[in-house]
């Protein structure tokens, strides 16, 4: 029984050490948040392959400006480059006149990579069928704004 007890104590100690290590790593990543930013780049090549244009073009045109606005207080010549790669954007199906839209990818600043994702809820209008491109552009704009807001809070 004492040998089983020793193994049990060692396992509990190892789990505790792992939990402590995870906490330290988490704190290290959080301590790097609010890093200064020198430049913002947006990569929509994966999105262009997945969703095509004009969706990828809309994101490429709007996301840098939204990120610059959201990160305005952190822009400095001595900061790092924020690279945001957008992999997917989906405009969700309508359920009860509402739709959930999603955008996802990866943000990198310095050597820290973080998966990013934002959602936006869109209320479908009867006019959307007649003006499908305008309504889709509006939905993409809402997603880009949501993503920029979220990134400003977590990076």
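Residue 128 falls short on exactly one of the conditions (1) at pLDDT 90 or above; (2) surrounded by 13 or more Cβ atoms within 10 Å (Cβ to Cβ), and that condition is (1).
Filter the stretch 60-104 for residues that are closer than 10 Å to residue 37 by Cα and part of a helix (DSSP H, G or I) and give the result. 68, 72, 73, 74 - these are the residues of the stretch 60-104 that are closer than 10 Å to residue 37 by Cα and part of a helix (DSSP H, G or I). Any residue in the stretch 119-137 that is closer than 30 Å to residue 34 by Cβ and out of contact with any strand residue (DSSP E or B) (no Cβ under 8 Å at 6 or more places or on another chain)? Among the residues of the stretch 119-137, not one is closer than 30 Å to residue 34 by Cβ and out of contact with any strand residue (DSSP E or B) (no Cβ under 8 Å at 6 or more places or on another chain), which makes the answer no.
For the stretch 53-73, which positions are touching a strand residue (DSSP E or B) at 6+ places or on another chain (Cβ under 6 Å) and either within 18 Å of residue 114 (Cα to Cα) or not assigned by TED's automatic domain parsing to the domain that holds residue 144 (or both)? Of everything in the stretch 53-73, those that are touching a strand residue (DSSP E or B) at 6+ places or on another chain (Cβ under 6 Å) and either within 18 Å of residue 114 (Cα to Cα) or not assigned by TED's automatic domain parsing to the domain that holds residue 144 (or both) turn out to be 63, 64, 67, 71. Filtered by the rule that a residue be closer than 13 Å to residue 67 by Cβ, free of Cβ contacts under 8 Å to residues at least 40 places away in the same chain and either part of a helix (DSSP H, G or I) or not assigned by TED's automatic domain parsing to the domain that holds residue 40 (or both), the stretch 108-151 gives a lone residue, 150.
The values are calculated or read from the model by the stated rules, or taken from the named source; none is laboratory data. What you see is a predicted model; the values in this text were computed from it and never measured. All Cβ positions, glycine included, derive from the backbone under ideal geometry; neighbour counts span all protein chains shown.
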